[in-house]
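Each remark here refers to the structure printed beneath this line.
Since every read-out is calculated from the coordinates, none of them should be taken as a lab result. These numbers come from a predicted model, not from an experiment. Every residue, glycine among them, receives a Cβ derived from its backbone with ideal geometry; neighbour counts consider all protein chains shown.
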């Protein structure tokens with residue numbers, strides 16, 4: 001005796017196994033998302049000393065570009081030494097010494113993946129994950145039959161979640 005497979009049955013099966021498959025990456029995105037909330041602070045960051053040799057006699061205005069530092073601000077110049085946020089550059093030798101604050105290796109990799117753009121080689125993973133999350137949203141409505149009280153209560157929670165989202169977006 002065979003039973004007819006319904007759309008709801010397929011949705012539940014795919015939802016279940018896709019959820020198991022993506023459990024690790026969902027945990028990674030959750031952790032990196034929490035860490036990224038604090039990206040403007042030094043929370044969990046470690047200091048790292050750098051010494052980089054670039055060409056000599058770089059002018060202060062071009063120093064940030066030469067060192068690959070977007071937010072470099074020169075504080076003063078004394079003779080051949082240029083002082084900038086967290087470091088110095090010797091025009092005569094071309095040696096720049098500076099300190100950066102970075103997340104530990106694994107957390108840094110996680111946040112880099114979380115912030116991936118289409119220029120990153122693994123950007124397709126973010127697209128796949130986003131589509132999977134959208135599938136979870138849609139397939140959740142096939143977890144229970146519409147005539148059950150659980151489904152009806154679920155609709156109230158859905159409405160509350162939509163209202164909360166709208167409040168967060170527009171307030």
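Computed quantities for the displayed model
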{"quantity": "Solution diffusion estimate, µm²/s, Stokes-Einstein, the chain, Kirkwood Rh from C-alpha pairs, 20 °C, viscosity 1.002 mPa s", "calculated": "102"}
{"quantity": "Paramagnetic reach from residue 54 in the range 85-103 [backbone N under 20 Å; point 7 Å along Cα→Cβ]", "calculated": "85-102"}
{"quantity": "Hydrodynamic radius by Kirkwood, which averages 1/r over all alpha carbon pairs of the range 96-162, in angstrom", "calculated": "15.6"}
{"quantity": "Computed label-point distance, nm, for sites residue 70 and residue 122 using a 7 Å Cα→Cβ extension", "calculated": "2.0"}
{"quantity": "Residues 157, 136 arranged by fewest to most Cβ contacts within 10 Å", "calculated": "157, 136"}
{"quantity": "Distance histogram in 5 Å bins (all Cα pairs of the range 46-102, percent per bin)", "calculated": "4, 21, 36, 27, 8, 3, 0"}
{"quantity": "Two-site label geometry, residue 169 and residue 23: point separation in nm, points 7 Å out along Cα→Cβ", "calculated": "3.3"}
